[in-house]
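Asks: Before I ask anything, here is the structure I am working with.
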Amino acid sequence: MAATSLLSSCFMHMAAKPSANFLSTQTLDHLKLRSFGGLESSKKSKLSHKGDEFLCQVAQVERAPSFSVGQKFQLDDVIEAQQFDRDTLSAIFEVARNMENIERSQILKGYLMATLFYEPSTRTRLSFESAMKRLGGEVLTTENAREFSSAAKGETLEDTIRTVEGYSDIIVMRHFESGAAKRAAVTAGIPVINAGDGPGEHPTQALLDVYTIEREIGKLDGIKVGLVGDLANGRTVRSLAYLLAKYKDVKIYFVSPEVVKMKDDIKYYLTSKGVEWEESGDLMEVASKCDVVYQTRIQKERFGERFDLYEAARGKYIVNQDVLKVMQEHAVVMHPLPRLDEITVDVDGDPRAAYFRQAKNGLYIRMALLKVLLLGW
């Protein structure tokens with residue numbers, strides 16, 4: 001069905017029960033934009049407005065170009081880093097910079113965000129909830145959904161999503177299985193944001209990481225980045241590698257214990273995109289060359305019962321004062337947090353320690369995403 005015919009049929013259906021609020025120019029523009037795109041062209045979309053009873057279920061929508069004259073890319077879901085291109089990233093970063101100046105706003109008043117976290121979280125969950133409330137929206141949440149939701153009774157993820165979308169306008173989900181976010185997005189008729197799916201991806205973390213690098217270093221093209229620590233299980237470094245591949249003349253160094261080396265799929269992807277990468281066992285040498293040293297925690301929870309492998313990996317690469325001494329003055333140390341002993345606390349006072357500024361940037365990126373997903377640009 002053509003997009004114009006689709007919209008006409010929707011509006012004819014809605015005309016049976018008109019609403020002054022529903023027919024506002026801003027809302028109509030929002031409906032037109034939200035009718036396109038998505039992870040899959042056959043995905044169902046739900047068009048709605050707070051305070052009205054009208055829903056337009058779209059069974060099949062033609063994919064529109066990401067950009068058209070006078071219109072920026074419209075996000076339907078945030079599932080994986082690969083879905084973004086440079087123009088989209090620049091547009092999101094522009095919105096995030098505007099969000100840095102907002103203490104409180106009511107632009108999302110009347111909207112409800114559901115947070116479904118099947119794994120523990122501090123920064124991601126609280127920054128999303130803070131972002132929603134700072135923009136005037138409300139939050140529905142469950143503590144440890146793996147144990148304190150109907151998942152403990154055996155309910156499928158799809159049934160949970162179908163239920164929760166009836167209560168909310170957007171779902172932010174962290175899950176212990178790779179691919180769970182994509183399953184949720186295909187099921188839901190409202191936007192879904194992947195807040196981490198097992199050892200898979202963490203796209204919003206990657207967005208805030210790239211945003212932080214640009215803010216700290218002043219550029220994204222031509223940079224050298226050292227990814228250090230648990231590269232096999234770290235969803236943050238996987239997503240970050242995907243985004244860094246969007247930029248020119250980037251070189252990535254992989255520094256990790258043998259048991260948690262970066263997986264081949266990321267290496268193949270970087271090679272296919274012409275991104276230079278190198279594996280190294282010498283953190284000091286890599287740190288002396290890089291603009292960014294991105295340290296990560298050895299993730300004990302990913303080793304199962306193989307405590308011997310965990311003990312063999314932990315503590316091998318630590319960012320301390322010795323590492324700082326060889327780093328360039330403009331370079332920064334980043335970490336997705338939480339940290340254990342992989343960055344010593346005496347590093348915190350160095351101006352190159354950017355990880356707490358990095359965490360704060362997560363608030364602005366997530367405010368930007370909520371605004372764009374729910375209201376458009």
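The values are calculated or read from the model by the stated rules, or taken from the named source; none is laboratory data. As the structure is a computational prediction, the values presented were derived from the model and not from experiment. Neighbour counts run over all protein chains shown; Cβ positions are idealised from the backbone, glycine included. The protein model used for the area step is the full one, side chains on, heavy atoms only, and it has no ligands, DNA or RNA in it. Shrake-Rupley method; radii C 1.70, N 1.55, O 1.52, S 1.80 Å.
Asks: With a 1.4 Å probe and all protein chains kept in place, how do Phe117, Phe176 rank by accessible area, largest first?
Replies: Phe176, Phe117
Asks: Once the whole set of protein chains is in place, how much accessible area is left on Met284, using a 1.4 Å probe, in Å² to the nearest 10?
Replies: Here the accessible area works out near 80 Å².
Asks: Taking the full set of protein chains and a 1.4 angstrom probe, give the accessible area of Asp348 in square angstrom, rounded to the nearest 10.
Replies: 60
Asks: Hey, another quick one. For Thr344 paired with Asp159, estimate the spin-label separation in nm (one decimal), with each label point 7 Å from Cα along the Cα-to-Cβ line.
Replies: For the pair Thr344/Asp159, the computed spacing is 5.4 nm.
Asks: Related question: Could you go through the stretch 317-333 in sequence order and give the Karplus-derived ³J(HN,Hα) for each residue, using 6.51 cos²θ - 1.76 cosθ + 1.60 with θ = phi - 60°, rounded to whole Hz, and x for Gly and Pro?
Replies: Values per residue, Gly and Pro as x: 10, 10, 8, 9, 4, 5, 5, 4, 5, 8, 6, 6, 5, 7, 6, 9, 9 Hz.
Asks: Right, something else. So if R0 is 35 Å, what FRET efficiency would Asp249 and Leu126 give, r being the distance between their Cβ atoms, rounded to the nearest 0.05?
Replies: Once the sixth-power term is evaluated, E becomes 0.45.
Asks: Here's a follow-up. Collect residues whose amide H, placed 1.01 Å from N in the peptide plane, falls under 5 Å from the amide H of Trp277; neighbours closer than 5 in sequence don't count.
Replies: Residues meeting the criterion, in which the H sits 1.01 Å from N, are Ile252.
Asks: What pairs from Lys109/Lys224; Lys263/Lys360; Lys133/Lys263; Lys267/Lys371; Lys182/Lys248; Lys133/Lys224 go past 32 Å between their alpha carbons?
Replies: The pairs that break the limit, which is 32 Å between Cα atoms, are Lys109/Lys224; Lys133/Lys263; Lys267/Lys371; Lys133/Lys224.
Asks: Pop out the ³J(HN,Hα) list for the stretch 197-211 in order, Karplus 6.51 cos²θ - 1.76 cosθ + 1.60 with θ = phi - 60°, rounded to Hz; leave Gly and Pro as x.
Replies: Per residue, the Karplus-derived 3J(HN,Hα) values read 10, x, x, x, 9, 8, x, 6, 5, 5, 4, 6, 5, 5, 4 Hz.
Asks: How large is ³J(HN,Hα), in whole Hz, for each residue of the stretch 75-91 in order, when computed from phi with the Karplus curve 6.51 cos²θ - 1.76 cosθ + 1.60 and θ = phi - 60°, using x for Gly and Pro?
Replies: Whole-Hz 3J(HN,Hα) from phi for the stretch 75-91: 7, 9, 8, 10, 10, 8, 5, 4, 6, 9, 10, 4, 5, 5, 4, 4, 5.
Asks: So what does Thr88 come to for accessible area, using a 1.4 Å probe and Å² rounded to 10?
Replies: That residue has around 0 Å² of solvent-accessible surface.
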